[in-house]
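Below is one structure, written out as structure tokens; the observations come after it.
The values are calculated or read from the model by the stated rules, or taken from the named source; none is laboratory data. The shown structure was predicted, so the numbers you read here are calculated from the model rather than taken from an experiment. Don't worry about glycine lacking a Cβ; one is built from the backbone with ideal geometry, like all the others, and counts go over all protein chains shown.
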Amino acid sequence: MCERFDVVALGELLMDFTENGVSPQGNTLFEANPGGAPCNVLAMLQKLNKKTAFIGKVGDDMFGKTLKAVAEEAGIDMRGLLVDPEARTTLAFVKTLPGGDRDFSFYRNPGADMMLRADELPRELIESARVFHFGTLSMTHPGVRAATEIAVTVARAAGAVISFDPNLRPPLWDSLEEAKERIGWGLAHADVVKIADNELEFMTGQTDFDAGAAMLLAQYPNIKLLNVTAGPDGSHAYYGGRHVYVPGFTLGGTIETTGAGDTFCACVLNFVLEHGLTALTDGDLTAMLRFANAAAYLVTTKKGAIRSMPERGAVEAILA
């Protein structure tokens, strides 16, 4: 039997090329920042002294080797990382928009992360998880989708809490209807969900958070804790028929928002690991959201994600 892990995540590990100034010749410079939502979540959990492991696939190329090294440097157990001899590591070019939001261009047709197969899953590693976390980039293509669905089933059977973040990236889907269907599958199998405001509107047609959350919770009664993030406007927790809202931290210095939602998600999972999912009070939920909002703000003051996760002390300093 595998040793126990606090959180095991499955999905994409990729290189985010983020804009970083202009060359003397006037050309845009890009900085290669290691990322990929599931691994970003694990990197923040490592900062909070949790034990994590990743499952996914990279290419046998310079980017794949760098990503593995950076994830290991962050303390993430990478025994579940496979190397594809043919497909290249997925790349994402990130254009920063005014206010720090982003526009993505993906190089992934195919990308190595899409090539993970169900027969390659490290089942013992999945069964060792207290929490199993996934998103939808591992559901865009049939082979890796089957692997994801089996991994979730294995984790559930082993008693893990299932965590899901839709992480909608429209350019990666053949159709938005298919994206909606796959997000629905994730919602139907999760205990803890982190969903962004635009994703809530995409799934429910509602711009009112309370109305959208009520629709999701009615449709997916399996969800025990639903968190809705709204960038600098803060975050909402829906739990046990109750709603708690905590404003965001707008202290200036935001460069770009890559990894902010993943940082938030990690802090929520850290709270669930430490407090469980039963009998949470409004005070508990408020403390959870305050810490997660503060950590998410801090990651926006740096470029990239895995190497930009804040230490617990830095988060607590903001809260104080």
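Just a few scattered comments:
- Condition met for Y245 (part of a strand (DSSP E or B), under 25 Å from V7 (Cα atoms) and aromatic (F, W, Y)): no
- Checking A71 against (1) within 22 Å of H141 (Cα to Cα); (2) buried (at least 24 other Cβ atoms within 10 Å of the Cβ), the condition it does not meet: (1)
- With a requirement of 2 or more residues that are of a type outside the set (K, R) and at pLDDT below 95, the strands (runs of 3 or more DSSP E) lying completely within the range 1-72 that satisfy it span 14-22, 28-35.
- Residue match in the range 114-135 (condition: over 25 Å from E181 (Cα atoms) and modelled with pLDDT under 95): no
- Residue among A146, A155 that alone is of a type in the set (G, A, S), in a helix (DSSP H, G or I) and over 23 Å from T263 (Cα atoms): A146
- A158 surrounded by fewer than 22 Cβ atoms within 10 Å (Cβ to Cβ) and touching a residue at least 12 places away in the same chain (Cβ under 8 Å): yes
- Within the range 241-268, residues that are over 15 Å from F209 (Cβ atoms) reach partners that are aromatic (F, W, Y) with beta carbons closer than 8 Å, at six or more positions or on different chains, in the pairs F249/Y297; T250/Y297; L251/Y297; T254/Y297; A260/Y297; C267/F291.
- T250 out of contact with any Gly (no Cβ under 8 Å at 6 or more places or on another chain), modelled with pLDDT under 95 and among the β-branched types (V, I, T): yes
- Here A266 clears all of (1) in a strand (DSSP E or B); (2) in contact with a Leu (Cβ under 6 Å, 6 or more places away or on another chain) except the condition numbered (1).
- Boolean, A230 is surrounded by fewer than 21 Cβ atoms within 10 Å (Cβ to Cβ) and more than 20 Å from the chain's Cα centre (by Cα): no
- Test: residue in the range 86-96 that is aliphatic (A, V, I, L, M), more than 19 Å from G261 (Cα to Cα) and surrounded by 22 or more Cβ atoms within 10 Å (Cβ to Cβ): no
- Hits in the range 107-132 (condition: touching a Phe, Trp or Tyr at 6+ places or on another chain (Cβ under 9 Å) and surrounded by fewer than 16 Cβ atoms within 10 Å (Cβ to Cβ)): Y107
- When residues in the range 121-143 are screened for being within 22 Å of V193 (Cβ to Cβ) and either basic (K, R) or within 17 Å of the chain's Cα centre (by Cα) (or both), 12 of them pass.
- Matching residues, the range 174-198, being surrounded by 18 or more Cβ atoms within 10 Å (Cβ to Cβ), more than 14 Å from N222 (Cα to Cα) and small (G, A, S): A179, A196
- In the range 112-124, the count of residues that are closer than 23 Å to L187 by Cα and assigned to a strand (DSSP E or B) is zero.
- Of all residues in the range 283-320, those that are of a type outside the set (A, V, I, L, M) and without any contact (Cβ under 8 Å) to a residue 40 or more places away in the chain total 5.
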